[in-house]
Every structure is written in C-alpha cells, then in structure tokens.
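Only one structure is covered here, and it is reproduced in the block below.
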Amino acid sequence: MAISPTLLRTAGALVVVGAVTVAGIDAARSASGSDARAKLTLIAPAAAGGGWDLVARESQQALRSDGIVNNAQVVNVPGAGGTIGLSQLDNLSGQPTTVMITGTVMLGGIAINNSETTLADTVPIAKLAEDFEVFVVPKDSPIQNLEDMIEAWRANPGGLPIGGGSLGGIDHIVAGQLAQEADIDPAAINYIAYSGGGEVLTSLLSNTVGVAVSGFNDFRDQIEAGNVRALAVASPEPLEGFDVDTFIEQGYNVDLVNWRGIVAPPGISDEDRQTLVDIVTEMVETEQWATAVERNRWKESVLTGDEFGEFLEVEQTRITGILEELGLV
C-alpha cells in the first residue's frame, strides 16, 4: 500500500518522540532486580487520551486503590501502532518492574510496519478485557446515519477523509472491512492516521476529517454531550446503555473486537513472571477494576500466562491475514 509523504513525515516525528520518551521510562522504572509490588511502570504505547492510555490509567488506579502495588505509574510512548513502545520494552530485557499495555492495534502495527520486534519477543502476562469500535461524525455533519456515510463513500471513496488510529491498527482494519462490505476498494479510501484517540477526536471536531473511528471511550464524553453523533458500533451484540445500532444490525458484517492485555519484557525469571500474573489477577478482582469495566463498557475477558501467549500467536496470524485480504499490507 502506498503511503503519502505526509504520513511518512508523521511517522518520522513519532520515532523522535519515542526516542525521547525512553528517558522517561529509564527515570520511572525501579532499579534492576527490584520487586514489581514495590514499583511498577506501565507503558501506554500511544499518546495520552486514547484507549491504551485509558487502560493503563484505570489499571494504575486499581493497583493503587487496593495496595496491590505501592507505586504504579504510567509512561506514554506513542507511535507506529505501538511498535515504538514495543521496541522500548524489548530493550528492558530481564527487568520485571515495567510492563506494557497491548492489544489488537499492535498486531496490525507489527504487520504493517514489518516490525523486527513482535509480541512473540515479550512475556505474556494477561488479557484483560475487550473494547468496541464506533464511527462518529460532528453534530453538524450532513451525514445523519450510516447509510448517508456509505452513499457519500461510494460516490467518492477518496473524498471522505476517515480519521483513526495508526496505519494497520484496528481502526484502519474496521474502516477497511466496512468499505469491503459496502463494495468499496479498501485501498481507495482516504484514511488519515493519528497516534491516539485524543488526536482523532480533535481532527474530527476541527473538521480535518469527516468521519472518525476509534474505541467507544475515546468519544464517550462527546457523544453524551451531543457534540458528535454515533453512526454504528462494531460489536457482536448491542452495547448496554448505548442507543446506537451495531454494524451487523444495519446489514454490514463488521464486528472486530479490540482486546486489551499486558506483556512484560523478555528475559524475566519464571518467578518474576508469576509475580506479575498474580498482580494482574488481584487487580481484575478489585471493586475499582469492576467499576472501570462497567463505566467504560468493556467486556471482561481474562486470560493469563501461557494461555494468553497461545491467544497472541493465533491472533497475530488472524490480524495479518485480514490486512492481507484488505490489501493493506
């Protein structure tokens, strides 16, 4: 897939940001060999305000509230579908006091960026929950519903800018799947990539893009305030308390789920890995985490250790296959 010079310049800028941010990781993490229960750094491999950042900060609060970890902090390392954060985690080999939030987006980022480092190079800790994608437009948009969007898209696939997260990430994949379902060439759409949900929302509200796609929680406040209008949600079933039809209900077979998980650097001991699994297991059993799941309309879906590792292997193959089918890699 051809990538515009603008996107290449953006990617270059994100590399610089990632290189600078590693200093923050070095400053935040504990000394080598220290206990993750004393101090734990969570890398959110995207800019503040997006889905990974939200999961990291909800995790931070749950870990703190029940004293599971004495000092939990979040460091943002944005860029390239999370693969800059992934490479920084790989550089922390053997250090059990830093973990990283991951998910479906990163699998796409690995494939589309041909990343030398993959999730197979990390130590799987746990899958936490599933999140769901939503398409939105500004409140004053002439696009009133999904059919209006599809009609405008078919008339001029490149004339309707679609804003979302990184190239090859779940936002891009869902946009491509919807295009394919609507008999539009996925490679012909005008997809504009941003480093986090906050930037996607800003681009929509400034009319830089006509439609935006991201996780529900990136748009939740603006939907509730009436500043943006939701067109459809990519979930197998309707979301409780969210009065918007799914793509399936509207006749389009699009329901790709965005899961969230945690991985650790390579080279940690089995004992340290078990400590991290125990920490996350205790975290998801807290009242604070249960409240976060309900508030963010996530679906809890916990896998730990080797079971999560097997899931990652299968999921990477599946996501790469979808990208190939859509002609995006």
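Restricting attention to region 128-178, the residues being under 21 Å from the mean Cα position of the chain (by Cα), outside any loop (DSSP other than H, G, I, E, B), without any contact (Cβ under 8 Å) to a residue 60 or more places away in the chain and more than 30 Å from PHE308 (Cα to Cα) number 2.
If you go through region 46-57 and keep only what is modelled with pLDDT of 95 or more and under 13 Å from VAL263 (Cβ atoms), you end up with VAL55, ALA56. So for region 136-156 (the condition being basic (Lys, Arg), open to solvent by 20 Å² or more (accessible area, probe 1.4 Å), at pLDDT below 95 and under 22 Å from PHE242 (Cβ atoms)), does at least one residue qualify? There is no residue in region 136-156 that is basic (Lys, Arg), open to solvent by 20 Å² or more (accessible area, probe 1.4 Å), at pLDDT below 95 and under 22 Å from PHE242 (Cβ atoms).
Look at (1) modelled with pLDDT of 95 or more; (2) crowded, with 17+ Cβ neighbours inside 10 Å; (3) among the hydrophobic types (A, V, I, L, M, F, W, C) and you find that PHE132 fails only one, number (1).
Within region 161-187, the set of residues being open to solvent by 20 Å² or more (accessible area, probe 1.4 Å) and over 20 Å from ASP218 (Cα atoms) comprises GLN177, GLN180, GLU181, ASP183, ASP185, ALA187.
Residues that are closer than 20 Å to ALA56 by Cα number at least 3 in the following strands (runs of 3 or more DSSP E) confined to region 198-278: 258-264. Scanning region 302-317 for residues that are touching a residue at least 60 places away in the same chain (Cβ under 8 Å) and surrounded by fewer than 15 Cβ atoms within 10 Å (Cβ to Cβ), which turns out nearest to GLY103 (Cα to Cα)? Only one residue tops the list, namely GLU313. Name the single residue, out of those in region 279-299 being farther than 17 Å from PHE242 by Cβ and not in a helix (DSSP H, G or I), that is most open to solvent (accessible area, probe 1.4 Å). Per the stated criteria, the residue is GLU285.
Would you be able to say whether some residue in region 226-246 is at pLDDT below 95, aromatic (Phe, Trp, Tyr) and in contact with a strand residue (DSSP E or B) (Cβ under 7 Å, 6 or more places away or on another chain)? Within region 226-246, one or more residues are at pLDDT below 95, aromatic (Phe, Trp, Tyr) and in contact with a strand residue (DSSP E or B) (Cβ under 7 Å, 6 or more places away or on another chain). Would you confirm, using the coordinates I've provided, whether TRP259 is in contact (Cβ under 8 Å) with a residue 40 or more places away in the chain, open to solvent by less than 10 Å² (accessible area, probe 1.4 Å) and not small (Gly, Ala, Ser)? Yes: the conditions hold for TRP259. GLN60 meets the conditions (1) more than 19 Å from the chain's Cα centre (by Cα); (2) among the polar types (S, T, N, Q); (3) modelled with pLDDT of 95 or more in every case but one. The failed one is (1). Put simply, of THR286, THR275, THR246, THR281 the only residue that is hydroxyl-bearing (Ser, Thr, Tyr), under 22 Å from the mean Cα position of the chain (by Cα) and under 19 Å from VAL69 (Cα atoms) is THR281. Taken together, THR104, THR10 contain a single residue that is surrounded by 16 or more Cβ atoms within 10 Å (Cβ to Cβ) and modelled with pLDDT of 90 or more, which is THR104. When GLU224, GLU199 are checked against the criterion of being within 19 Å of ASN296 (Cβ to Cβ) and open to solvent by 70 Å² or more (accessible area, probe 1.4 Å), GLU224 stands alone in meeting it. The set of residues in region 204-221 being surrounded by 18 or more Cβ atoms within 10 Å (Cβ to Cβ), at pLDDT 95 or above and small (Gly, Ala, Ser) consists of GLY210, ALA212.
The values are calculated or read from the model by the stated rules, or taken from the named source; none is laboratory data. It should be emphasised that the depicted structure is a prediction, and the values quoted were computed from it without experimental measurement. Here Cβ is always computed from backbone atoms with ideal geometry, including for glycine, and neighbour counts include all displayed protein chains. All accessible areas refer to the heavy atoms of the entire protein, side chains included, with ligands and DNA or RNA removed. Shrake-Rupley method; radii C 1.70, N 1.55, O 1.52, S 1.80 Å.
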